[in-house]
Each structure stands twice: as C-alpha cells, then as structure tokens.
Amino acid sequence: MSEIIREKIADGVYFNFIPDNRFKTIRITASLFLPITKETASANALAASLITRSCKAYPDFTSLAKKLDELYGAALYSTVRKLGEIQELRFTVSGIDDKYALDSVKISKELTELLCSALFEPNIQENAFLGSEFAGERRQLIEELDSEFNEKRLYAVKRCTEIMCENEPFSVNRTGTKESLLDTTSEQAYKAWTNAIESAKIELYMLGNTEPQNALNAFKQVFDGKNRSIGLSTTLVTKADEVKRVTERQEVTQSKLVMGFRTPYAEPYTDVAVVKLMCAVLGGTPSSKLFMNVREKMSLCYYCAARYNPNKGIIIIDSGVENANIEKTETAILEQLKSMQAGDITDEEIDAAKLALKNAYITSLDSLASIENFYLSQTFNRETLTPEESAEKIMAVTKEQIIEAAKAVSLDTIYVLTSNEQ
C-alpha cells in the first residue's frame, strides 16, 4: 500500500487518496467533525442517519436502492462515532472499481456524484426532513440505545465513563440520550445538518486502485467558496483528585466491575505509543497480567481487560465477577498495576504485547474499511503515521518507559453493577 496523498481543497476541508491495487472495489468517504455536546449530539446523529436514506435526486429509499443496484450493487451508508470529545458523522459510498464496469462506465464518478447529492441536496420539505423517514430513523437509534442497555458489559463501561467524566463533553454518548432523541424534531435535525455542512471540519477519503481526479474535481466544485473556521479539541485531565465510587443494582446474573484511570498521555498533547504498550502489558492481550493472574491463576473473574483511549488519555479496566469476588478483584487489579509501577515486568510480557500490537497494526491493512478507520482515527494527532510506522514506534518502546508510564496512572472511578440481592 502506498502512503496517503493529501490535498487541502478549502478551509477545513481535506481530500485524502490512498491508492491500493490489492482490491477490486473503491471506497469514498466524507467525515464531518463537530464538538460533541448534550444539546446537539442527538440532532446530529439523526441528521446523519437521514442523509443516506434519500435525497432530492432519489426522493425515497426505493429509488435510491434501485440506483445503487444499477451501480453493480454499490452501498451508501452513514455511521456516527466519537473521537475524544469530537463527534464524527461519517458518510461512505463503496462499489466496484472502474475497470470492472461494462461499457467504460466511470463508477467512481457516479459514486462521488451520489455522495455529493446526498450531502448537499437532502430530501427536505419546508426546512425539515420527511416526517415518515425521520420517525423511522429516530426509532432505530432509540432501539440501538436500548440494546446497549441490555448488553450489560457495554452498559457498565458506558456508565463508568459517564460518572468519571461527568462534567466533561466526553461523557456525552455518540448519539445522545433516549430523551434527547425523543425531544428532537425533524426541523431541528435539518437545522443541525445545515450547521454541520457549513461549519464542520471535513476529511474526504478515497481508497482503491483507481484514478482520484474525478472525485477530487467533484469535491472541489461543491466545496468551492465554503470557508470555515473550526476549533476542535479534547480536554486532558492528567490526574484524578479523588476516587469516585458508585454501585448500581439491576437484575443481572453476573456483576460488572469497571475501573477508570487517568493518565497524562493523550493525542495531540503527547506521544501515546508507550501507554498503548503499557496498557497491553497490563490487560490488553491473553498474555497480559490481568488475564494471566486475576482471571487464570486467581480465578476471580470471567473476563478482565484494559482499554486505553488515546484521544482522551483514560484507561478503562472492566471485569465480570461473582458478587462475592468484587472486592477481591478490585484489590487484585490494583496490585497488578502496582507491580508494574515497581518494575515487575518480564521481557516475555513486553515481547508478547509488542507482537500483539504490531499484528493489530499490520492487519489493519486487510481491507479498505480498516485502512480508512486507521487513518481517520489519527485526524487530530500531531502526525499521521502508516501502520508500519506505528508498529515501529511500538517495537522501540523500552521497559523503563513502560514503568514510567505506569507510575503516571491514577485511579479515578470505581463502578459496580450488581444484582438486587444483598
């Protein structure tokens, strides 16, 4: 895979081309980045869902689906993500490469025009999205939130994060709350969309074994004269002042223990390779300290894993435990962290973590979607690295650096979700 080719086409708008001759498909994406707030998260998410349902040229889902079928089964869809304290509205169209189309049809040109039509000519009546489409998309987003509540591991991690970052934008869910979704109207969703398209930082991506000029020209045309000034950032809290403890009770068969930690390491403030490796040694792989000791040797929990968020600088350790083992598991987790801070790390543990992370970086090259995700995740980093360069950084980290990073970790929040039985 070649390195990324990047060009600024307007203020706050960049076109990125990643040539790759291993695939028979192409992928074109527009990612809009906005500050995430309680007031706007749901409206933005609803707008993103509606944008890929229909547009002025294809005013209902049936006609849009027919057009996608004519383009050899192309796909058009949106996703909503959170990158630190920034909400990402991502719109993707994908299809076969031009060389595989009959009659010299330029699929890349058709796909770009379809994406631009969806973004800039949405299906609107009286400054609002269509009522029937709006109701359907809102219902689907609410169902997604309900499914998160029913998946207790996901719910517990979410609740710990909300408590830990209570007064920070990071506590806001990527699609807002069920209440805010219900309160949002189709007029408000369309207003949110007009604000997004006029003010968001935008990253455009094209990937595949194709010629990017048609897409580049189309994007230059639609963004011509649309200047924007965006300030986007994520607050870094380097150390916890006190430990918050919250216990909630529900009808659960397995208790959840989630512990949130602060670190002074986050992009774009500092390099994060050391903390990524430190977290992997602690609890990011099947050979990590938490897995081998707390789960396997001590048999205190069903699972125990550590995850690091490089954009916010926080580490979340979550585990599934029996009620009787909650306190023992908490103590054991903290003991494993303390042992790392004291330098109790073997070369075998470091090597295994390095190889696991290196493999994760290299396998990100296995599909156009994972390549795109890899680069978009670095949108607000100080520098953009290839997967190979990221792997090299990890492999260069020393044991001394890992110990130093572990010493900087401080416990912020302990959240327990347990059964109603005392």
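Every residue, every condition in (1) open to solvent by 20 Å² or more (accessible area, probe 1.4 Å); (2) within 22 Å of residue 313 (Cα to Cα); (3) of a type in the set (Asp, Glu); (4) out of contact with any strand residue (DSSP E or B) (no Cβ under 9 Å at 6 or more places or on another chain), yes or no:
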{"residue": "156", "(1), (2), (3), (4)": "no, yes, no, no"}
{"residue": "179", "(1), (2), (3), (4)": "yes, no, yes, yes"}
{"residue": "190", "(1), (2), (3), (4)": "yes, no, no, no"}
{"residue": "196", "(1), (2), (3), (4)": "no, no, no, no"}
{"residue": "199", "(1), (2), (3), (4)": "yes, no, no, no"}
{"residue": "211", "(1), (2), (3), (4)": "yes, no, yes, yes"}
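Checked against (1) within 28 Å of residue 187 (Cβ to Cβ); (2) assigned to a strand (DSSP E or B), residue 95 meets all criteria but (1). You will find that of 161, 247, the residue that is within 30 Å of residue 322 (Cβ to Cβ), β-branched (Val, Ile, Thr) and part of a helix (DSSP H, G or I) is 161 and no other.
Looking across region 272-297, the residues that are in a loop (DSSP other than H, G, I, E, B) and touching a residue at least 24 places away in the same chain (Cβ under 8 Å) come down to 272, 284, 285, 287, 288.
Pairs are defined by a Cβ separation below 7 Å, a sequence spacing of at least 6 or placement on different chains, a first member in region 117-132 that is exposed (fewer than 11 other Cβ atoms within 10 Å of the Cβ), and a second member that is assigned to a helix (DSSP H, G or I); the pairs so defined are 127/187; 127/190. Do any residues in region 92-113 that are farther than 20 Å from residue 219 by Cβ have Cβ atoms under 8 Å from those of residues that are basic (Lys, Arg) and not in a strand (DSSP E or B), where the two are at least six apart or on different chains, and which pairs are they? Close Cβ pairs (under 8 Å, with a partner that is basic (Lys, Arg) and not in a strand (DSSP E or B)) amount to 96/24; 100/24. Mind listing whichever residues of region 23-51 are assigned to a loop (DSSP other than H, G, I, E, B) and surrounded by fewer than 23 Cβ atoms within 10 Å (Cβ to Cβ)? 23, 24, 37, 38, 39, 40, listed by residue number. Evaluate region 2-12: report whether one residue or more is out of contact with any Phe, Trp or Tyr (no Cβ under 6 Å at 6 or more places or on another chain) and surrounded by 21 or more Cβ atoms within 10 Å (Cβ to Cβ). Checked against the condition, which is being out of contact with any Phe, Trp or Tyr (no Cβ under 6 Å at 6 or more places or on another chain) and surrounded by 21 or more Cβ atoms within 10 Å (Cβ to Cβ), region 2-12 yields no hits at all. Remark: pairs (first residue in region 222-249, under 14 Å from residue 413 (Cα atoms); second residue at pLDDT below 85 and open to solvent by 90 Å² or more (accessible area, probe 1.4 Å); Cβ separation under 7 Å; 6+ apart in sequence or on different chains) are absent.
The values are calculated or read from the model by the stated rules, or taken from the named source; none is laboratory data. As the structure is a prediction and not an experimental result, all values here were calculated from the model. Positions of Cβ are generated from backbone atoms using ideal geometry, with glycine treated the same way; all protein chains shown enter the neighbour counts. Calculation scope for accessible area: heavy atoms of the full protein, side chains included, ligands and nucleic acids excluded. Shrake-Rupley method; radii C 1.70, N 1.55, O 1.52, S 1.80 Å.
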